[in-house]
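Take a look at the structure below.
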Amino acid sequence: MKIAVIGATGLIGQAFLKLLVQSNRTHANDIFCVASCQSAGKTISCGMHQFTLESLEAFDFTKVEVCFFAVNNQLAKQYVPIARQSCILVIDNSSAFRQQQDVPLIIPEVNFNHWHQWGKPNLIANPNCTTIGLIMAIAPIHKHVGIERMDVATYQAISGAGAKTLESFNHGLLNTGPKEPSMSKVLDAVPVIDSLLASDYTKEEIKLMQESQKILDHKCLHVSATAVRVPVHTGHGAAVTLKLNESVNINLIHDLLCQAESVMVYQEPAITPRLHAHGSCGVHVARIRRDLYSPLHVHLWVVSDNILRGGAYNAFKLYQKALDEIGVAEKDLSELS
């Protein structure tokens, strides 16, 4: 099975490539690494393997059966339709197709059944990195109790802004002190991520609202979010308040999360992105508690690795599960090659 990683030089692309190389499913010789024309001909290393980068502008999509896109919206809109013409599976990490009605938006542990319900289309959208960690934590609660409203404040790592921003952040920490003017914006909590809309919510916050409703298939779910950029290398945190459909014992909430796939629950309160989330494929939940004033409200603290769990690993699980479902098509293509 030949696969192309589009955007292989970015943080998500590199993490996805590493998962591919480490898996037994895909041989390194069957992986094509694709980036901008400026990177064409250069090599990148992953484990013991080296890959020569090909130009996206000149890439022949008929060479592969699967594509993973980790590029911006503009490039995704331009090249994903081309890839779909010849590939049996395309997974897109941008937000370009997430709200398109005929494109499923999937977290494998939560709503993989949507892919079946929508006829197994050859394009699957990977959700926003913040959405993935958050929904994995609240989906078991919604399934068994029902959620009427979610209020959330996210604390999002610098790596969520991309490789260049992360490089600047690391450079600044190494070369200037916290009192230097160049670090005044970096060592701070900034409550604006992406552009501000007429509603005074940001695009990042609206993504979280809309994606939560689509993944949970709950159009009436009321969501209010405040997205904050914080000086953390990798790993997003979220302080979550849920209004449930009915009052339940807080021990039930704890048990539901303990039983959920890829969710880890902690008794100790100080669960952090750096110590618990960074490098983990799971979602970490702590500070589960009932509201002091309302029996319908519960509070959670959720952290996850935005690059791995919130991006590359989610896409990799989609890749594995979808190919298991379309094994006949995979066999037919291999016979033709």
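The values are calculated or read from the model by the stated rules, or taken from the named source; none is laboratory data. Predicted, not measured: the structure shown is a model, and the values here were computed from it. As a convention, Cβ positions derive from the backbone with ideal geometry for all residues, glycine included, and neighbour counts pool all protein chains shown. Protein only, heavy atoms only, side chains kept; ligands, DNA and RNA dropped before computing areas. Shrake-Rupley method; radii C 1.70, N 1.55, O 1.52, S 1.80 Å.
Conditions first: (1) closer than 25 Å to Glu204 by Cβ; (2) in contact with a Leu (Cβ under 8 Å, 6 or more places away or on another chain); (3) surrounded by fewer than 15 Cβ atoms within 10 Å (Cβ to Cβ). Lys77 passes all but one, so which condition is the exception?
The failed condition is (2).
State which residue pairs qualify: first residue more than 24 Å from Ala139 (Cβ to Cβ) and loosely packed, with under 14 Cβ neighbours inside 10 Å and inside the stretch 193-214, second residue modelled with pLDDT of 95 or more and among the hydroxyl-bearing types (Ser, Thr, Tyr) in any location, beta carbons under 7 Å apart, and separation of 6 or more residues or different chains.
Listed pairs, sorted by first residue: Ser195/Thr202; Leu196/Thr202.
For Val232, are the conditions met, namely being outside any loop (DSSP other than H, G, I, E, B), touching a Phe, Trp or Tyr at 6+ places or on another chain (Cβ under 8 Å) and not small (Gly, Ala, Ser)?
Judged against the criteria, Val232 is not a match.
Of all residues in the stretch 215-225, count the ones that are surrounded by fewer than 18 Cβ atoms within 10 Å (Cβ to Cβ) and in a strand (DSSP E or B).
2
From the list Glu57, Glu109, which residue is closer than 25 Å to Pro140 by Cβ and acidic (Asp, Glu)? Write out each step before concluding.
Values: Glu57 fails: closer than 25 Å to Pro140 by Cβ.
So the residue among Glu57, Glu109 that is closer than 25 Å to Pro140 by Cβ and acidic (Asp, Glu) is Glu109.
If you go through the stretch 274-284 one residue at a time, do you hit one that is farther than 22 Å from Pro108 by Cα and in contact (Cβ under 8 Å) with a residue 12 or more places away in the chain?
So far as the stretch 274-284 goes, yes, one or more of its residues are farther than 22 Å from Pro108 by Cα and in contact (Cβ under 8 Å) with a residue 12 or more places away in the chain.
Quick check on the stretch 250-273. Is at least one of its residues touching a Leu at 6+ places or on another chain (Cβ under 8 Å), acidic (Asp, Glu), farther than 30 Å from Leu187 by Cα and open to solvent by 70 Å² or more (accessible area, probe 1.4 Å)?
The answer is no; no qualifying residue exists.
Quick check: is even one residue across the stretch 46-58 more than 21 Å from Lys18 (Cβ to Cβ), surrounded by 19 or more Cβ atoms within 10 Å (Cβ to Cβ) and not acidic (Asp, Glu)?
no
Being among the polar types (S, T, N, Q) and in contact with a helix residue (DSSP H, G or I) (Cβ under 8 Å, 6 or more places away or on another chain) narrows it down to one of Ser247, Ser224, so name that one.
Ser224
Sort through Ser55, Ser36 and tell me the only one that's among the hydroxyl-bearing types (Ser, Thr, Tyr) and over 23 Å from the mean Cα position of the chain (by Cα). Outline the logic, then answer.
Values: Ser36 fails: over 23 Å from the mean Cα position of the chain (by Cα).
Exactly one of Ser55, Ser36 is among the hydroxyl-bearing types (Ser, Thr, Tyr) and over 23 Å from the mean Cα position of the chain (by Cα), namely Ser55.
Determine whether the stretch 225-237 contains at least one residue that is without any contact (Cβ under 8 Å) to a residue 60 or more places away in the chain and not aliphatic (A, V, I, L, M). Full working, then the answer.
At the first step, the residues of the stretch 225-237 found to be without any contact (Cβ under 8 Å) to a residue 60 or more places away in the chain are none.
Scanning the stretch 225-237, I find no residue that is without any contact (Cβ under 8 Å) to a residue 60 or more places away in the chain and not aliphatic (A, V, I, L, M), so the answer is no.
Return the total of residues in the stretch 129-171 being part of a helix (DSSP H, G or I), in contact (Cβ under 8 Å) with a residue 12 or more places away in the chain and either buried (at least 18 other Cβ atoms within 10 Å of the Cβ) or under 20 Å from the mean Cα position of the chain (by Cα) (or both).
21
Condition check: in contact with a strand residue (DSSP E or B) (Cβ under 7 Å, 6 or more places away or on another chain), open to solvent by less than 20 Å² (accessible area, probe 1.4 Å) and of a type in the set (D, E, K, R). Does Asp30 satisfy that?
Spelling it out, it is not the case that Asp30 is in contact with a strand residue (DSSP E or B) (Cβ under 7 Å, 6 or more places away or on another chain), open to solvent by less than 20 Å² (accessible area, probe 1.4 Å) and of a type in the set (D, E, K, R).
Would you point out the residue of the stretch 90-114, among those that are of a type in the set (A, V, I, L, M, F, W, C) and open to solvent by 10 Å² or more (accessible area, probe 1.4 Å), that is farthest from Phe61 (Cα to Cα)?
Step by step, filter the stretch 90-114, then rank; the result is Val110.
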